[in-house]
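Novice: The following block contains the structure, expressed as structure tokens.
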Amino acid sequence: MAYYCYMLKCKNGNYYTGWSKDPFRRLKQHNAGRGARYTRMNAPCELVYAEEVPDLSAALKLESKIKTLKPAQKKSLISNPERNQLPKITALSKARSKKPKHFTVLSPGRVNLLGEHIDYNDGIVLPMAIDRKVTLQVKTLKEPVLRLNALDMDEKVELSLEDLDSKTDLNQQPLPPFALYPAGVAWALKAAGLPVSGLEVSYSSDIPMGAGLSSSAAVELGFALAWQIAAGWEIERMEMALLCKQAENDYVGLKSGLMDQFSVAHGVAGHALALDTRSLDWQTLRLPPDTSVVIADSAQRRKLTESGYNKRKQECSDALQILRSWCSDLASWRDVDPSFLEAHLAEMPTDIGKRAQHVVGEIQRVQQGCKCLEAGDAQGFGELMFASHSSLKELYEVSSFELDSLVEVAASLPGCLGARLTGAGFGGCTVNLVQKEFAPEFIEQLSNQYTKKTGLIASVFECFASDGARLLND
Ligand code: NG1
């Protein structure tokens, strides 16, 4: 994809210069107050210039050069057809925005590197989208129905987009669980005033299901994007993630946090994403150089995930309530000082106190983890992963013999920098940070030794940070 250096004419008549891969989308962000402080103060802005350059470095250079020009020089650049390619890219963008009848959407799973069970406690989480994905082949329909063909399950179902509240198919039978996710997305989009048109979707996935790698969020975002493309409206990715979360919380009935939908919507190749679940601010952080991220699926399907998850959520809310009885100013877990918790621990019921210790400790670990990534400190990051696992095991009590075995074996292998359970726990996967050169041997040894220890066959694979949900060939 090309890079562009662009100029906006702001409400006060001045020019703002920036770079972007998509100046039209960037303009929308500026005008929505999510671009820069200057454009927020001087909105609305109009896109008046766009010049294509081959790469990011050229874009940055041209941006600095244009910024030094006087207003009259900027005006002459804008009226120079050799340089200003805005008319051409406007035409191209219009052609692209013609609604296609057939298209393919790719929607990745995610793995969380650090920050577990804090996305519903106002913490910062550090996930990345992975190169395992759901592939949706989409055909638009004239009639307002959703025809689903879940290829992996060999199941088909057809439902009306005008009767989503009933949660039934066209034969008035209750929707099978897999259909609740796409139907829930349609329901949430409609409730937000976004039209959803008829679709026939055949989809399959190479994300292990029920393993804590967000196959359901991948399905949700895949469908949301399909409706966006088919219907021709456009919303911000964060809004899309929030609507998919709403589908999962209020239609499917799982009270998850935002991490999964956020990661699938915002993934950036080669990067982890640091999401502050309190402010919804986020940033990308490069993964440490010369390291591999290895996922180990324990083959132990998660037990009691839903009931255990909801119980932990309740315990956290009880814990915060108790802490507030000693300090009424505590608006959120982010305000809980570790020494304050320590001072009151003996007065709290043991289990509740342990959950609180995990939450406060994990919030701190992610803050340290972000600094490690900024500094390229793989060793330091790995140590935080081990500490996170111990906390999830001892304090949050969501690990299992199988997950602990995977972490123990991993810790004994050469090149292993960190290992921990990932996702809700109670079974599922671990995530490992390994020195790149040791990755192939690590994968083999971890599989073999885990089988010796548990009799189970783990699926162990390297994964790569990938881009978020997208149109194929975009
Ligand atoms: P997994 O186990 O990956 O589905 C769950 C929640 C997340 C987060 C983690 C724990 C769902 C769908 N997702 O993830 O929001 O709370 O547990 O950090 O329940």
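The values are calculated or read from the model by the stated rules, or taken from the named source; none is laboratory data. Keep in mind that what you see is a predicted model, and the values were worked out from it rather than measured. In this analysis, Cβ positions are derived from the backbone assuming ideal geometry, glycine residues included, and neighbour counts consider all displayed protein chains. Accessible surface areas use protein heavy atoms only, side chains included; no ligands, DNA or RNA. Shrake-Rupley method; radii C 1.70, N 1.55, O 1.52, S 1.80 Å.
Novice: Determine how large the accessible area of Met7 is when every protein chain is in place; take a 1.4 Å probe and give Å² rounded to the nearest 10.
Specialist: Accessible surface of Met7 is approximately 0 Å².
Novice: Show the residues, 5+ positions off or on another chain, whose built amide H is closer than 5 Å to the amide H of Ile124.
Specialist: Sorted by chain and number, the residues that satisfy this are Thr277.
Novice: How far is helix 237-246 tilted, in degrees, relative to the longest principal axis of the Cα atoms in the chain, given as a value from 0 to 90 rounded to the nearest 10?
Specialist: 40 degrees
Novice: May I ask you to give the solvent-accessible area per residue for the chain, in square angstrom, as obtained with a 1.4 angstrom probe?
Specialist: 44 Å²
Novice: Treating the angle as unsigned and between 0 and 90°, give the value, to the nearest 10°, between the Cα long axis of helix 305-326 and the longest Cα principal axis of the chain.
Specialist: The helix 305-326 is inclined about 90 degrees to the chain.
Novice: Please name which of Ala346, Leu114, Leu159 has its Cα lying farthest along the dipole of the chain towards the positive end, using unit charges on Cβ (Lys, Arg +1; Asp, Glu -1) and the Cα centre as origin.
Specialist: My answer, from the dipole projection, is Leu159.
Novice: Let me ask something else. Please turn the phi angles of the range 139-151 into ³J(HN,Hα) values with the Karplus equation 6.51 cos²θ - 1.76 cosθ + 1.60 (θ = phi - 60°), one per residue in order, whole Hz, x for glycine and proline.
Specialist: Values, residue by residue: 10, 7, 10, 7, 7, x, 10, 10, 9, 10, 10, 7, 4 Hz.
Novice: Still on this structure, please answer the following. Using the Cα centre of the chain as the reference point, and only Cβ charges (+1 on K/R, -1 on D/E), how large is the resulting charge dipole? Debye, rounded to the nearest 20.
Specialist: Roughly 2240 debye for the chain.
Novice: What distance in nm lies between label points placed 7 Å from Cα along the C-beta direction at Ser76 and Glu397?
Specialist: Reported label-point gap for Ser76 and Glu397 is 7.6 nm.
Novice: Pairs Lys99/Lys142; Lys133/Lys393; Lys11/Lys99; Lys245/Lys436; Lys142/Lys245; Lys11/Lys190: which are spaced more than 24 Å apart, C-alpha to C-alpha?
Specialist: Lys133/Lys393; Lys11/Lys99; Lys245/Lys436; Lys142/Lys245; Lys11/Lys190
Novice: Let me ask something else about it. If Lys and Arg each add +1 and Asp and Glu each add -1, what is the summed charge of the other residues whose beta carbon sits under 15 Å from the beta carbon of Gly369?
Specialist: Around Gly369, the charge tally is -3.
Novice: Compute the distance in nm between two label points, each set 7 Å from the Cα along the Cα-to-Cβ direction, one at Asp276 and one at Glu46.
Specialist: For Asp276 paired with Glu46, the spin-label model returns 3.5 nm.
Novice: Another question, if that's okay. Suppose every K and R has +1 on its Cβ and every D and E has -1 on its Cβ; what is the size of the dipole of the range 102-272 about the Cα centre, in Debye to the nearest 20?
Specialist: Value, rounded to 20: 240 debye.
Novice: Based on alpha-carbon centroids, what's the gap between the range 402-420 and the range 136-207 in Å, whole number please?
Specialist: 41 Å
Novice: Report Asp250's accessible area, 1.4 Å probe, all protein chains in place, as a number in Å² to the nearest 10.
Specialist: The accessible area comes out at roughly 90 Å².
Novice: Further question: Please report the equivalent ellipsoid semi-axes of the range 3-97, computed as sqrt(5 x eigenvalue) of the Cα gyration tensor, largest first, in whole Å.
Specialist: 18, 17, 13
Novice: To the nearest 10 square angstrom, how much accessible area does Lys67 have with a 1.4 angstrom probe?
Specialist: Answer for Lys67: close to 110 Å² accessible.
Novice: Put +1 on the Cβ of every Lys and Arg and -1 on every Asp and Glu Cβ in the chain; which of Gly308, Ser292, Ala272 then has its Cα farthest towards the positive end of the dipole?
Specialist: Farthest along the dipole direction, towards plus: Ala272.
Novice: Can you give the helix-only mean residue ellipticity at 222 nm for the chain, where every DSSP H stretch with n ≥ 4 adds -39500 (n - 2.57) and the sum goes over all residues, rounded to the nearest 500 deg cm²/dmol?
Specialist: Only helices count here, giving -13000 deg cm²/dmol.
Novice: So how tilted is helix 177-191 from the main axis of the chain? Cα-based, degrees 0 to 90, rounded to 10.
Specialist: The answer is roughly 40 degrees.
Novice: Order Asp337, Asp154, most accessible first, counting only protein heavy atoms with a 1.4 angstrom probe.
Specialist: From most exposed to least exposed: Asp154, Asp337.
Novice: Give the lysines reachable from Lys61 as a straight Cα distance under 21 Å; neighbours fewer than 8 places away on the same chain don't count.
Specialist: Of all the lysines, those that pass the test against Lys61 - Cα under 21 Å, at least 8 places apart if same chain - are Lys9, Lys21, Lys70, Lys74, Lys75.
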